[in-house]
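The values are calculated or read from the model by the stated rules, or taken from the named source; none is laboratory data. Since the structure is predicted, the reported quantities are computational estimates derived from the model, not experimental observations. With ideal geometry, Cβ positions are generated from the backbone for all residues, glycine too; neighbour counts draw on all protein chains shown.
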Amino acid sequence: MSLGKWLAEQIITEESKIKVIIAIYPGRFQPMGKHHAKTYRWLTGQFDKAYVATSGKVSLPKSPFSFAEKKKIINSHGISNVVQVKNPYQATEILKKYDPETTAAVFMVGKKDASRLGGKFFRPWKGKAEVGYKDGAYTIIAPHVSLSVSGYGEMSGTTIRKALGDKSLDKKEKTKLFKGVFGHTKNYNMIVKKLEALNEIIEGFCHYFDIPKLLSESNIVHGSNAMVDDGPRGYWGNQKSWKKFGKYINTHINKGMEVLNYLTGTEEFFDHKTEFKSDMTGGPTGAVSYWPVGVPGAITGTNYLKDKKGRDAFKRWASWSKYIATRVGYEFVNYLGAEIASITNKKEPVKVPKPGTLMNEGLLLEGGAYGHMSHPFDDKGLTFGDFKRIIDISLQGRLDLESAATEKTDGQNLFITWNNGLRAARNSGDIKKGGVDSKSIAKKFAGRGNIEKAFNYAMSDLTKAIGGLSDKQKKKVFDDGNNWVNMEIMWPASANVISYDAPHLQFHNVLQYKNGSAIGAVGGGARMLAGMIKQVDANVQKNFSIIGPQFLKVNPHQDYSAKKPYFLGKLSKLMSKYNMSDSNTFAEYHQAYWEQFVDKKIGKIENRIKMGLVKRWAFFDKSFRLNKKNISDEKILTKAVEIDKQKHQAQVKKNMLPFEKLFFELGAEVLKNVEGFLAANPDKAVQNIRKQIKSAISVVRSGGDIKKINRLSQQLNKLNSIGGMKAIVPSEGLVFIYKGKTYKLTGAFAPINQITGMIYF
């Protein structure tokens, strides 16, 4: 070191009075991976001494490891300076060993966490320590060290715990994954056993407790039928007082209830004043809602903000949401569509639909409801923002955000219930009349060879398996015939497109019905029924093995950064045709086409008539009659009647075709990265499908039927547009839940099914 540099450092040190700079790496470390260890080693090279600060809090499911277990894991990375603390962002237990006047403290945080440690006490590290830890501390942004594991992509604490706790992974694969996360295999048994047990606890809770019922009951005021609202806008000043009162409530009012955990943890994260101002605009929250509530234009018991609208309301809501989220260690993710409100301004009035405007009234918004497995483009109620979101999470391998993605198997579909015996249904008519018995099923499929065997054997095995359950179990699943199980019969001899090596009866979901129409779903019902049957050793019957939904592992797309703009670009191009925004529904897209159609074919007419015709032709709603009462102008009526004779279904299909191709192509890309298909020999299954396609092409072309040849050409174009033979996978597709509704991604299956069906039906 030069004399000048030494003198400069001495002067700086003398001025600041800081002799030692202690670096602290705070976090939960559940568990610490090799990427954390690399970050820590970087930190040790920047300051005099570095420590890992972590609490001993165990809180399932995010914090399963105790401090002793965490320390053992951290030590395995060659890190010895590990200290248990109550609050990692204060680290009193570490700093108390040092002089508060001459010791500076630097806390290393991630970029997204830096805002949590703002204010006067914490300040960004700029290479110079000016205050001791008594008067303040510094924050330094940790360098981003990603943890990418071959076959799994980018890993986080949540995905690590989920993957290592997955019992379906064989030991060889899990050991490989473990080494990729930690860089070694030390503590393998301790970590894996802990995480596998954690998954069992979560699954057990979901299996034995009726979650929707619990939530429903929690929304009712004790001793009355009144619904619980959001409560007062005031909060307790700190966690200690809040938890004390919560304990009193549970003991004296909500008797029999127990607090499982506190979402905010155990450490205090802020103290605040709880009083309201005289004008009722103070307090911690501002208002129950930031949008118009209560009496318009007046300050009432709920309307404290005088009808804030648009961007103004959104900014206030977003600001408070971010504040709360970051204080408890979460991140505010703007994906629910609320940002649409920011398009308007505070001067813009709330738009009221004009009389006669179609909007959503009378539209067929059927897709995805209550377990019906529709493609996303079948749901006219989805917005283009929803389409974008589905594209994004599909390519990220995050289709399990609401529920695990399951396989859409290709078998013979059947609905069953139990009401003093097994009842079956093949259509809504069967369900409406309470189903049919085994004799009726046998009669229905008599003389149809392997199909007859498949249904008869299935009814026999199901009768025996479900009959072995207790009355209480049957009641829970089937509710005396009100609940129906949607299932698949996979009999190899009667295979459709996908060949399965073994006969299975697979439960997909359980739906609640009333008067023949689905009104709801039993969450986890299919898995629960399969579990009950397995519990009584009735899952392997004479002809079939009985299974629940086949969970799939959807891996992130290897070329996510390129595929996302590719698919979003295609969607944006389609949206631009009718100036659609993210907030517009797919129904409005169809509506826009037919509005233009009416304008072109009939001319300028009053809006009431125009919307009535759009309803008839776009959405097949015949409530608008074509008569002189509705259309007094004879020329217009004549034109309308003539157009009405045309087959509009063909035009609807034409409008949907580009969306079909987009989502089929998306499905093909996603399914390439899926693991866990039911087909025992995937390669063999794919080869068999290719043979079926070639055979169908040959038969149809040699037959000379022009209509069939044209249909074949259309389906081959669809198949080629999504990747041709390379897009084939050994499955019909996958099923996922989005905003509580069930959807499917099928990739190449849809056109393949149409092609092969030409020679069978």
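Here are some notes:
- Sole residue being polar (S, T, N, Q) and not in a helix (DSSP H, G or I), chosen from ASN655, ASN630, ASN688: ASN630
- Of all residues in the range 148-175, those that are outside any loop (DSSP other than H, G, I, E, B), of a type in the set (Asp, Glu) and at pLDDT 80 or above total 1.
- Taking (1) in the same structural domain as GLN506 (by TED's automatic domain parsing); (2) basic (Lys, Arg); (3) modelled with pLDDT of 90 or more in turn, ARG448 satisfies each apart from (3).
Per-residue answers, yes or no, for (1) among the acidic types (Asp, Glu); (2) in the same structural domain as PHE455 (by TED's automatic domain parsing); (3) over 27 Å from the mean Cα position of the chain (by Cα); (4) part of a strand (DSSP E or B):
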| site | (1), (2), (3), (4) |
| --- | --- |
| ASP480 | yes, yes, yes, no |
| LYS534 | no, yes, yes, no |
| LYS542 | no, yes, yes, no |
| TYR566 | no, no, no, no |
| GLU588 | yes, no, no, no |
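- Scanning the range 692-716 for residues that are of a type in the set (D, E, K, R), out of contact with any helix residue (DSSP H, G or I) (no Cβ under 7 Å at 6 or more places or on another chain) and in contact (Cβ under 8 Å) with a residue 12 or more places away in the chain yields a count of 1.
- Within the option set VAL83, VAL131, VAL145, VAL52, being modelled with pLDDT of 90 or more, under 30 Å from ASN187 (Cα atoms) and either within 36 Å of the chain's Cα centre (by Cα) or assigned to a loop (DSSP other than H, G, I, E, B) (or both) holds for one residue only, VAL52.
- Among the numbered conditions (1) assigned to a loop (DSSP other than H, G, I, E, B); (2) closer than 26 Å to LYS380 by Cβ, the only one that LEU571 does not meet is (1).
- Residues being among the β-branched types (Val, Ile, Thr) and part of a helix (DSSP H, G or I) - total across the range 596-611: 2
- Residue count for the range 720-754 under the criterion of being of a type in the set (A, V, I, L, M), surrounded by 22 or more Cβ atoms within 10 Å (Cβ to Cβ) and not in a strand (DSSP E or B): the result is 6.
- Of the residues screened, VAL729 is not one that is modelled with pLDDT under 85 and out of contact with any strand residue (DSSP E or B) (no Cβ under 9 Å at 6 or more places or on another chain).
- Within the range 732-761, being modelled with pLDDT under 85 and within 20 Å of the chain's Cα centre (by Cα) holds for GLY733, ILE737, LYS739, GLY740, LYS741, THR742, GLY747.
- All positions within the range 683-698 that are surrounded by 14 or more Cβ atoms within 10 Å (Cβ to Cβ) and farther than 17 Å from GLY723 by Cα: ALA685, ASN688, GLN692, ALA696, ILE697
- Residue in the range 409-420 that is farther than 30 Å from LEU552 by Cβ and over 36 Å from the mean Cα position of the chain (by Cα) present: yes
- Single match in SER440, SER470, SER428 (criterion: surrounded by fewer than 16 Cβ atoms within 10 Å (Cβ to Cβ), modelled with pLDDT under 90 and out of contact with any helix residue (DSSP H, G or I) (no Cβ under 8 Å at 6 or more places or on another chain)): SER428
- Residue count for the range 377-408 under the criterion of being of a type in the set (A, V, I, L, M), within 19 Å of GLN558 (Cβ to Cβ) and either part of a loop (DSSP other than H, G, I, E, B) or more than 11 Å from the chain's Cα centre (by Cα) (or both): the result is 4.
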